[in-house]
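The values are calculated or read from the model by the stated rules, or taken from the named source; none is laboratory data. Since we're looking at a predicted model, the values are computed, not measured. Because the Cβ atoms are built from the backbone with ideal geometry, glycine has one as well, and the counts that use them run over all protein chains shown.
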Amino acid sequence: MNKAIIWPVLLLIHCSTNRMVVVPVLLDYKVCYPAEARKMGLEGVVTVKVLVGKNGRAEEVFIYESAGNYLLDSAAVHSARTFIFSPAIQGKQPVKAWVIVPLEFRIGSINLEEWVIEVKSLLKRIKDPKKDTEEIEQLYELYKQFIYSSLENSIEEANYYVKEVVMEPIAEIWKGFWTRYPARVLLFLDIMERFSDTFTALVVRADFNEFFKDEKLDMERSLHEEEANLLIRRIVETLQSLDIP
């Protein structure tokens with residue numbers, strides 16, 4: 001799965017006395033793994049130094065050890081600013097404390113059975129696209145896990161799970177190609193079809209445009225010319241029918 005692993009926190013606490021200190025504990029976090037980085041196959045470890053305030057929020061974030069790549073470093077800093085800790089306690093009072101947090105970005109395969117269960121569960125929870133924006137964003141993150149992961153399954157098996165979650169009109173695009181070519185692009189179209197009047201759809205459209213540049217080249221290399229042209233035409237016609245700027 002595309003993921004960032006957060007290792008146990010190494011503490012750097014500066015105390016003015018010798019009184020016992022209860023150290024910060026990471027309670028909640030969301031890690032941003034940039035789609036561009038995943039597409040490029042970028043992996044690595046970024047270690048950030050975080051000043052945890054008395055309220056448990058990150059007040060300052062610095063790169064402690066770089067992964068050697070701006071995209072991963074930037075993602076680590078952006079993510080760390082959203083981390084929520086239990087504050088450090090000195091005596092009985094919360095105090096500020098520095099912590100060091102390594103984030104490991106790794107691209108791997110995903111468990112397709114678990115993935116499809118998560119997707120279907122999220123789809124059931126989305127009742128009002130204008131209000132359930134967080135759920136739609138989570139759904140897109142799940143879709144991106146599939147799109148950019150290094151799938152170890154056969155084309156037919158992987159496409160089976162895509163067909164399980166996308167809307168029927170979107171699935172029709174791949175008629176005759178379910179055993180011939182990966183249907184990852186359908187996940188972009190499915191989000192845009194379902195939630196065309198949301199901000200997420202605009203984000204997906206931009207990501208799709210970038211992704212499809214390379215995907216068209218892959219289709220032309222992997223399929224016969226007529227087949228590639230047919231599939232590309234179906235995708236373009238569907239995109240044009242969507243009410244997205």
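With respect to residue 170, determine if the residue is in the same structural domain as residue 227 (by TED's automatic domain parsing), buried (at least 17 other Cβ atoms within 10 Å of the Cβ) and either at negative phi or charged (D, E, K, R) (or both). In short, yes.
Among the residues making up the range 181-209, those that are part of a loop (DSSP other than H, G, I, E, B) and closer than 23 Å to residue 224 by Cβ are 181, 182, 183, 184.
Residue by residue, here is whether (1) of a type in the set (Val, Ile, Thr); (2) under 20 Å from residue 171 (Cβ atoms) holds:
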| residue | (1), (2) |
| --- | --- |
| 200 | yes, no |
| 206 | no, no |
| 213 | no, no |
| 223 | no, yes |
| 242 | no, yes |
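If you go through the range 135-156 and keep only what is under 17 Å from residue 204 (Cα atoms) and either in contact with a Leu (Cβ under 9 Å, 6 or more places away or on another chain) or β-branched (Val, Ile, Thr) (or both), you end up with 135, 136, 138, 139, 140, 142, 143, 144, 146, 147. Is it the case that some residue within the range 67-86 is over 29 Å from residue 202 (Cβ atoms), surrounded by 13 or more Cβ atoms within 10 Å (Cβ to Cβ), in contact (Cβ under 8 Å) with a residue 12 or more places away in the chain and not small (Gly, Ala, Ser)? Looking through the range 67-86, at least one residue is over 29 Å from residue 202 (Cβ atoms), surrounded by 13 or more Cβ atoms within 10 Å (Cβ to Cβ), in contact (Cβ under 8 Å) with a residue 12 or more places away in the chain and not small (Gly, Ala, Ser).
Against the conditions (1) among the hydrophobic types (A, V, I, L, M, F, W, C); (2) within 21 Å of residue 29 (Cβ to Cβ); (3) assigned to a loop (DSSP other than H, G, I, E, B), residue 178 satisfies every one except (2). For the subset of the range 135-175 comprising residues that are free of Cβ contacts under 8 Å to residues at least 12 places away in the same chain and part of a loop (DSSP other than H, G, I, E, B), which member is nearest to residue 111 (Cα to Cα)? Looking at the filtered set, the residue picked out is 154. Scanning the range 94-107 for any residue that is over 23 Å from residue 191 (Cβ atoms), under 13 Å from the mean Cα position of the chain (by Cα) and surrounded by fewer than 16 Cβ atoms within 10 Å (Cβ to Cβ) turns up at least one such residue.
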